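Notes follow the structure.
Nothing in this text is a laboratory measurement; each read-out follows from the coordinates by a stated rule. As the structure is a computational prediction, the values presented were derived from the model and not from experiment. As a convention, Cβ positions derive from the backbone with ideal geometry for all residues, glycine included, and neighbour counts pool all protein chains shown.
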Amino acid sequence: MPSVLMVASWDWTLNKFRLALAEFLRDQGYSITFVCADGEYVEKFEERGFRWIEWKSRRKRLNPFAEVRALLSLSDIYAEEQPDLIHHDTIKPNLYGPLALKLNQIRGRMDSLPPVINTFMGLGYVFSDGVLPLALRTLIKPFLRFGVNQPNVHLVFSNRSDRDRLRSHRILHHERTSLLMSEFVDTEKFRPFSPDQPAPEVVGEPPDGPVVLMAVRLLWAKGVGEFVEAARILQKRGVDVRFWLAGEPDTDSAGFVPENQLREWEDEGLVEWLGYQTDMPTLLNQVDIAALPTKYNEGMPRFLVEAAACGLPIVTTDQEACRIVVNDGENGIIIPTDDSEALANALEHLITERDYRETLGQKARIDAVRDFDEETGTENWHQLYDRLLT
């Protein structure tokens, strides 16, 4: 029975992107153990019958002494577990994991190094524009270059642009890479249906008029400001529509939208802030349009996949990560980044042309079942695991 460690800084990542894969692999005879910091989803892992090992690491901590302890802690976990394969998610495991293994090899704690998967579901904040991201990028580049080029490391990307960017930054120097979905969904769960009642976090009855939904980690780079500005534009035009914003400020990340700003927008009557949502299929089936005006370094936005599977037309920005899901004029509308006016115009088109938005939504559903179904996604990962283990 091959033993696999799935490692992330954040238990949310493993719950959102790896739990379905872990259950599929367990059915195929794998032994799966989750490694992450303690969090609200750890109990769920154990309820589903998985082992969990605590790794005392925080996502955004930059204290060098604490980070050395985190590296040594991960090294100890690997030496004790002696896994057959290690799957890293998020930037810190991608950085620390290969270093921890090399340290074990030098210290004679592991005779041979297992195959490693480093997953990049978007390059995120570190590869964005700005002085601080540049400083962080300069700091981690040597460690990232070391990690991704170890002979036992295979890289998985959600899109080609991220792979090309690591090459253009002279970080990646080999061809041991794959393009694989991490953002697949259960298209039987995420499907069009008529909810009997509102999602638990939505107050009141389902709305009568059209609703636009944006559901993300609440970061400025995700386009939250453009979403709200589009609401303001359509309000001035007298367009009958409600804007719902779901999610929480990611206070561990730079550039989060503060709660007082969200409350201010609510007081202006521009958006309704729903907070973090646990029942996304029901929520998506209460709205008419999904919007994601992102300028973030996305891998492939899961919100777009979930919305498409539920038969919603989508308005999003002209980035490769978004174009993987949305074909302009077929299942949604592509707009430029940083353009609230273009977002407002696209939304108004869909709001006022019901037949058009329903046609786009039906095509979105067809495409999602074909391209992003969980069964296909997990089998593709299974094939990669088998190939690396043999």
**Item:** On Cα atoms only, tilt of 91-106 relative to the major axis of the chain in degrees
**Value:** 10
**Prompt:** Using mean Cβ contacts within 10 Å as the protection proxy, how do 369-378, 152-161 order, highest first?
**Reply:** 152-161, 369-378
**Item:** Bins of 5 Å from zero: percent of alpha-carbon pairs in region 1-73
**Value:** 3, 16, 27, 22, 14, 10, 5, 2, 0
**Message:** On the Cα set of region 131-179, report Rg and Dmax in Å, please.
**Reply:** 11.1, 33
**Request:** Beta carbons within 10 angstrom, averaged per residue: use that to sort the peptides 339-349, 165-175, 284-294, highest first.
**Result:** 284-294, 339-349, 165-175
**Asked** What number in nm² do you get for the chain if you take the convex hull of its Cα atoms and divide its surface by four?
**Response** 19.0
**Prompt:** Taking the radius of gyration and the Kirkwood hydrodynamic radius from Cα positions alone, what is the Rg/Rh ratio for region 146-273, to two decimal places?
**Reply:** 1.10
**Message:** Please compute, for the alpha-carbon atoms of region 310-383, the extent along each of the three principal axes and give them in descending order in Å.
**Reply:** 44, 28, 14
**Item:** Overall dimensions of region 217-352 by Cα: Rg and Dmax, Å
**Value:** 13.9, 39
**Complete:** One finds the C-alpha centres of region 313-366 and region 230-304 to be spaced, in Å, by 16
**Prompt:** Using the eigenvalues of the Cα gyration tensor, what equivalent ellipsoid semi-axes result for region 350-390 when each is taken as the square root of five times the eigenvalue, whole Å, largest first?
**Reply:** 37, 7, 5
**For region 67-111: Kirkwood Rh in Å [reciprocal of mean 1/r, alpha carbons]** = 10.5
**Asked** Given the Cα atoms of region 231-280, and with Rh set as the inverse mean 1/r over their pairs in the Kirkwood sense, what is Rg to Rh to two decimals?
**Response** 1.03
**Request:** Give me the net charge of H174's neighbourhood, meaning all other residues with Cβ under 12 Å from the Cβ of H174; Lys, Arg count +1, Asp, Glu -1.
**Result:** +3
**Item:** Helical mean residue ellipticity (222 nm; -39500 (n - 2.57) per DSSP H run of 4+; nearest 500) of the chain
**Value:** -13500 deg cm²/dmol
**Request:** Would you please put 269-276, 322-329 in order of how densely packed they are, using the mean number of other Cβ atoms within 10 angstrom per residue and starting with the highest?
**Result:** 322-329, 269-276
**Request:** Would you mind calculating the gained length between D196 and V131 on full extension (0.36 nm times residue separation, minus the Cα-Cα distance), in nm to one decimal?
**Result:** 18.5 nm
**Request:** Treat every Asp and Glu Cβ in region 32-81 as -1 and every Lys and Arg Cβ as +1, leave all other atoms uncharged, and give the resulting dipole magnitude about the Cα centre to the nearest 20 debye.
**Result:** 320
**Prompt:** If R0 is 41 Å, what FRET efficiency do you get for E379 and H173 from their C-beta distance, rounded to 0.05?
**Reply:** 0.85
